[in-house]
Every structure is written in C-alpha cells, then in structure tokens.
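Working notes, beginning with the structure itself.
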Amino acid sequence: MPTYNVERLSSHAHEIRWEYTADDNVFWALLTSDRHWDNPHSDHDLQERHLKQAQEIGAPVLDHGDVFDAMQTKHDPRRDYDSLRGEHKGRDYLDRLVTTAMEFFSPNAEHLVSVQQCNHETAVLDNNNTNLLRRLCARLSDRNDTPVDARPMEGWTRFRFEHEGGGNVKTVQMYSHHGSGGSADVTKGTIQANRRAAGISGAQIVCTGHIHRSWELAIQQKTLQRNGEQAQEKQLHVQLPSYKREWENKSGFHVEKERKPRPVGARWLRFEVTPNGVHYTTLEAE
C-alpha cells in the first residue's frame, strides 16, 4: 500500500504528501523515462524489477514519457516490420499496444502516479488520431481502481512533508519535461541544463529524459531570504536514462550514426527531512 497521498492540483501538476517523524524521515520516488516499451530491445525484466522495488517500499513512480515506441504505423517513415514484437503484429497494431501494455503495467499501477505525453505518442496522435497514453492510463485506472494520470509534455510535482503531529510543513518542487534536442558525447546534455536553469524559477529539481543519458547536476542560484540576507539554493538537474538497449541491434539509426552505448535504467529520488530542511539527491536504480 502507498505510504503517501496524491492530489491532482491541475492537468499538469500533482502534490505528493508524506508524514514524517524524527525516526521516519527518509522517502523515495522512482523517476523513469523512455521505456519504448514495445520495442524489441526494451528491457522488460529491468522495468519489472524497478516497479516491484517501488511497490515494496511504497514509492511513487513518475514517468517522463515515451512509454511507447509506436513507430510501426503506415504513416511513420521509420517503420520496420522486423522491429515488431510478435504480440503486436496485426491490423489492430495500436490496439494491441494498449492492451499488452495494460497487462504489463497493471500489477504495479497502484504506484504509477503519472505518465507524460511525449514525442513518440504525439506522433501517433498527429498521424492516427488516437492518444495511446490516455487510453493506457484510462484502462489502468479502471482495472485497478487507482488514478494513473496522463500528463502533458511538461508538468510540476510538489513533494510535501508534514510532521506526524501536524505542522512543520516542508516542500520541494520538481519541474518535469520530457526533453528535446540531441546530446553530444562530450557534454551529454549538460549545456541544455544550464539553459533550463536560466528559464525555470521555483523548482528545486528539474527532471528530463529524451536523450537517454543518466546524471545529476547541481546548479547554484542566488536568492533573497525573508530577513533580507542573500543566500544560495541548489537547483538539481536530473537526466533520466532509457530502458532501451539500442546498441544491441547491431544496425539501425543508433548504430548507423556510430553512437556509443547509453545507460539503461532509471533513477531513485531520495528525500531526507531534517530540522534544517529537506535534503534531496538521486541514485541510479539497479
């Protein structure tokens, strides 16, 4: 059972609430992205392991998009029949994606708080007039009697910590975007993190996916405290990896461009509530 409560504040914002005590003050969330779930090279075993771990410790799961690969429709110039899993071969290809994904994610849907709409899903929506993500989330919600929200490509999550006895509320805000653009082998997307830091205010954490990299980068920002003193705050930029082992194909786009292997998996977001505030960091999920 979840150890937290979730409130949907708007179509693009949620608040996740925990109660803490002096002895129970560490909390976890699982941050995932770029599952490309229907791709033959998507690591289903690793996804299932991480989802079960989240269920065991009662951690919410926040997915940052591209749940589906969905590149095999007649309208997609990238289509390749050899890139279809056997269970997805049929005239009702898109329906099969939703049905099989619902079966896969259903055992752990209780902790799947939200999934973001991203470029692979919007390509299907633009060309085939169906929203795969909303269909999946609706079926997961109906089957498991628990809300799984399909969010836009960007959104916010407020993590709220209140003392068990009431009061002493502390919050951490996270801005999420699926991400965009490319990723050079040397900088690995960190230049874009610095650009985001200049344009995103009020977020202690900025989380993105899309480029299939895995890192965290702390960027310090100046701020003015209520007492008039200047201070600095940490804005933690978190880049999420993919679950797709794309280099194993030995052909295709990734190999043709001579790209190197990319990290596979997800990242844990760890909170520790202290008298001085909330400390937050991320760790690679194993």
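Please work out if GLU103 is part of a helix (DSSP H, G or I), crowded, with 19+ Cβ neighbours inside 10 Å and among the acidic types (Asp, Glu). For GLU103, the condition - part of a helix (DSSP H, G or I), crowded, with 19+ Cβ neighbours inside 10 Å and among the acidic types (Asp, Glu) - is not met. Looking at (1) assigned to a loop (DSSP other than H, G, I, E, B); (2) modelled with pLDDT under 95, which one does VAL67 not meet, given that it meets all the others? Of the numbered conditions (1) assigned to a loop (DSSP other than H, G, I, E, B); (2) modelled with pLDDT under 95, the odd one out for VAL67 is (2). When the range 49-68 is filtered for residues that are touching a helix residue (DSSP H, G or I) at 6+ places or on another chain (Cβ under 8 Å), over 23 Å from ARG158 (Cα atoms) and charged (D, E, K, R), only LYS52 remains.
Just checking, does the range 64-81 include any residue being surrounded by 14 or more Cβ atoms within 10 Å (Cβ to Cβ), within 21 Å of VAL6 (Cβ to Cβ), without any contact (Cβ under 8 Å) to a residue 60 or more places away in the chain and touching a strand residue (DSSP E or B) at 6+ places or on another chain (Cβ under 8 Å)? No, the conditions are met nowhere in the range 64-81.
Out of HIS36, HIS44, one residue alone is in contact (Cβ under 8 Å) with a residue 24 or more places away in the chain, within 30 Å of ARG91 (Cβ to Cβ) and in contact with a Ser or Thr (Cβ under 6 Å, 6 or more places away or on another chain). It is HIS36.
Scanning the range 21-54 for residues that are of a type in the set (Ser, Thr, Tyr) and surrounded by 20 or more Cβ atoms within 10 Å (Cβ to Cβ) yields THR32, SER33, SER42.
Contact annotation: residue pairs with Cβ atoms under 6 Å, 6 or more positions apart or on different chains, pairing a residue in the range 97-118 that is over 21 Å from SER83 (Cβ atoms) with a partner that is among the charged types (D, E, K, R) and buried (at least 22 other Cβ atoms within 10 Å of the Cβ), are SER114/ARG151; VAL115/ASP63; GLN116/ARG151. When the strands (runs of 3 or more DSSP E) confined to the range 138-253 are screened for residues that are modelled with pLDDT under 95 and touching an Asp or Glu at 6+ places or on another chain (Cβ under 8 Å), those reaching at least 3 such residues are found at 215-224.
The values are calculated or read from the model by the stated rules, or taken from the named source; none is laboratory data. Please read these numbers as outputs of a predicted model, since none were measured by experiment. Cβ atoms come from the backbone with ideal geometry, glycine included; neighbour counts cover every protein chain shown.
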